[in-house]
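Structure, as structure tokens:
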Amino acid sequence: MPASLSAEHISHTFRTPAGTVPALRDVTFTVEAGRLACVVGPSGCGKSTLLRVLAGLLKPDAGRVLLNGAPVEGPNHQIGIVFQKANLMPWRTVMQNLTLPLELDGVPAEKRRARAEALIDLVGLGGFTDAYPGELSGGMAQRVAMARALIYAPEVLLLDEPFGALDAMTRERLGVELLRIWEAERRTVVMVTHSIAEALFLGDHVMVMGQRPGHIVRWLDVPLPRPRSLDVIHSPAFGQLSAQVRAAIEA
Amino acid sequence: MTAIGRRCLAAPCRLWVYSPAPSVFGNRAGFLLMAEQTIVRQFVRADATPHAGRDRLRWARWAVSPLLAVALLLAWHAVTASGAVKPFIIPPPAAVFDALGAALANGSLLYHAQVTLGEVLIGLALGLTTAVSLGYLLAKAPLVERLLAPYIVGLQAVPIVAIAPLFIIWFGSGAPSKVITCALIVFFPMLINTVVGVRQVEPDLRDLMASLDATRWQTFRLLEVPAAMPVLLGGLKVSATLSVIGAVVGEFVGASAGLGFLINLARSTYDTPLVFVAVFTLTIMALSLYGLVDWLEKRLLSWQQRRS
Ligand SMILES: Nc1ncnc2c1ncn2[C@@H]1O[C@H](COP(=O)(O)OP(=O)(O)OP(=O)(O)O)[C@@H](O)[C@H]1O
Ligand SMILES: [Mg+2]
């Protein structure tokens, strides 16, 4: 079941021995159930911090996160997160990393394997199931992390630049793949990306964030029809939207 | 240098890293602990040499070490045969072999070795269990750590030889006093390595486990234990070799059995060959324990060796 996700007046400041870093200020938005929102913004503006707050991993100084109207008090199974770096366990093989969420849920080993097999093909890691993360490239590791989040089907999926370490071709292919999965399952997704085109191609909404402290500069709806194919990138509407996003980032 | 040589060098080096830190657990020591980890990592890396190098290394292990032993034996024989030193200072190798044969034949060597090994194993079990449990607690509870750290470091600062007589007074001259000296000597390196190992678990992996709703037990079993394992095994290597020293120190101070007792006994009758036999037996014991941990490490950390 998809669920709506809201952020209400979230502010957060990091306190370190070196000083305080204001990371988020009064961030408020709602992503309706089954919608895909993309977050873009300059490096260091607080995108990862926002995702950690949404996942319940970081308690903000002020504000709250609501999942279907109920406050999120801490990390939980309904909200899945794919971290900016792959975050795999180096002592587990690709297969073991992939099936970790199922193992924690007590799913028996054969069922875990069966569910993993389909995903491994999807992310193009056939033949690497018994490799260790140390033997993978950065992009391959990221694809494992992506599959690990897809395997247990949380209601809300938070993706922190899941395609960051990939080449343009793989990135495009996985983007299309993600879109296909998402259009079939309609989960609620918040995805951070550095690419304006990717944000517009995938998202129902694009949230543009500004720097120091991170705040919402612009919230843009993307009225492009679905299902979308890569051709949409060349449409005039797409060009206009992307000019708007660029203007918001540079403002 | 062979892999064993490299590791032997590193063991005292790691100890050196610990000892001068006045607040081993404090922030200031953070750097030292980091240095420690790097050393541990370097070791593990050093083992993962490419195939050609590894083959050469294996050749060296099988051929050079025995050759070196034979050379030493010959040199030893030459020195004693020349008459430059008196036999009760350095007995000729043949005399030592005779003493070995005799001690094996009358069963005394096996008996004393067995007593010492028993003390070592029980002492290790006791020391390691307390060190790992307390270390885990300290790693998880900084407040407890701040309260206990001065006492633990203080305990480590007391020379074991100085308090061993106290244990004889308290626990008698039987096995328990030796078990305690042994447990005490293996305690500290294992404690530090447990604290370091558990502390260095990646916060991001903790976040991952939290976001997957892992229970405390699951996080312990599937994250903390495997993540800390390389550092834990590093501590275990130091502890395993120290454990024999612990038991022998206890036996020296007062005992009626064990290899330490045998050395004392042989010394009092100027039976130098028997002293040599006992010392060699102790060395072999320590080497075997070390080898056991090494084997365990190879099995448990196979994922590190596959990294190219
Ligand atoms: N744990 C932390 N402690 C202290 N400061 C932090 C911490 N995490 C993030 N920050 C600071 O908060 C700010 C926002 O960081 P964040 O990682 O959210 O940026 P980002 O938008 O994800 O950047 P990028 O696009 O490069 O990933 C940065 O200035 C960073 O230094
Ligand atoms: Mg980030």
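The values are calculated or read from the model by the stated rules, or taken from the named source; none is laboratory data. Keep in mind that this is a model prediction, so the values were computed, not measured. Backbone-built Cβ (ideal geometry, glycine too); neighbour counts: all protein chains shown. Areas reflect the complete protein model, heavy atoms only, side chains present, ligands, DNA and RNA absent. Shrake-Rupley method; radii C 1.70, N 1.55, O 1.52, S 1.80 Å.
Here are some notes:
- Backbone phi angles across region A:73-84, fed through the Karplus curve with coefficients 6.51, -1.76 and 1.60 (θ = phi - 60°), yield HN-Hα couplings of 8, x, x, 8, 6, 6, 10, x, 10, 10, 6, 4 Hz in residue order; Gly and Pro are listed as x.
- You can think of it this way: the chain between B:GLN114 and B:THR130 has 3.3 nm of extra reach, that is 0.36 nm per residue less the Cα-Cα gap.
- GNM result for chain A, Cα springs below 10 Å: residue of A:MET140, A:MET95, A:MET169 fluctuating most strongly: A:MET169
- Mean-position separation - Cα centroids, region B:193-216 and region B:99-135, in angstrom: 36
- For the peptides A:51-57, B:264-270, the ranking by packing is A:51-57, B:264-270, with the highest mean count of neighbouring Cβ atoms within 10 Å listed first.
- The rule of thumb for compact globular proteins, 2.2 N^0.38 Å, goes into the C-alpha radius of gyration of region B:64-117 1.39 times.
- DSSP-assigned coil residues among trypsin sites (Lys or Arg not before Pro) in region A:86-167, each with at most 10 further Cβ atoms within 10 Å: none
- Just so you know, the Cα atoms of region B:92-307 work out to an Rg and Dmax of 20.6, 69 Å.
- Lysine pairs meeting the criterion (Cα under 24 Å, 8 or more apart or interchain), as found in the protein assembly as shown: 7
- Between region A:27-49 and region A:110-133, the Cα center-to-center distance that results, in Å: 30
- Cα coordinate range in region B:141-201, projected on the principal axes (Å, largest first): 42, 19, 16
- Tail fraction, Cα-Cα pairs, chain A, threshold 32 Å, whole percent: 21
- The separation of region A:173-214 from region A:51-73, counted between C-alpha centres, amounts to 20 Å.
- Normalised convex hull volume, region A:126-221, alpha-carbon set, Å³ per residue: 128
- Chain A: DSSP helices with Cα axial extent of at least 15 Å and average Kyte-Doolittle hydropathy no lower than 0.5: A:138-151
- Solvent exposure, largest accessible area first (probe 1.4 Å, DNA, RNA and ligands not counted), of B:LEU242, B:LEU148, B:LEU143: B:LEU143, B:LEU148, B:LEU242
- Virtual spin-label span in nm between B:TRP170 and B:LEU147, 7 Å along Cα→Cβ: 2.1
- Dimensionless Rg/Rh of region A:172-251 - Kirkwood Rh, Rg from C-alpha atoms: 0.96
- For residues of A:144-152, the mean tally of beta carbons on other chains within 10 Å: 1
- The mean number of partner chain beta-carbon atoms within 10 angstrom of a residue's beta-carbon across peptide B:214-227 is 2.
- Per-q log10 I(q)/I(0), the protein assembly as shown, q = 0.09, 0.12 Å⁻¹ (Debye; single scatterer per alpha-carbon; no solvent): -0.82, -1.17
- Charging the Cβ of each Asp and Glu at -1 and of each Lys and Arg at +1, and nothing else, the dipole of region B:92-307 about its Cα centre rounds to 320 debye.
- The Rg/Rh ratio for region A:1-95, using Cα coordinates for both the radius of gyration and the Kirkwood hydrodynamic radius, is 1.00.
- With R₀ set to 35 Å, the beta-carbon distance separating B:ILE89 from B:LEU300 gives a calculated FRET efficiency near 0.20.
- The residues B:ASP98, A:ASP160, B:ASP271, sorted by heavy-atom accessible surface at 1.4 Å with ligands and nucleic acids left out, run B:ASP98, B:ASP271, A:ASP160 from largest to smallest.
- Peptide B:69-78 shows a mean partner chain C-beta count of 0 within 10 Å per residue C-beta.
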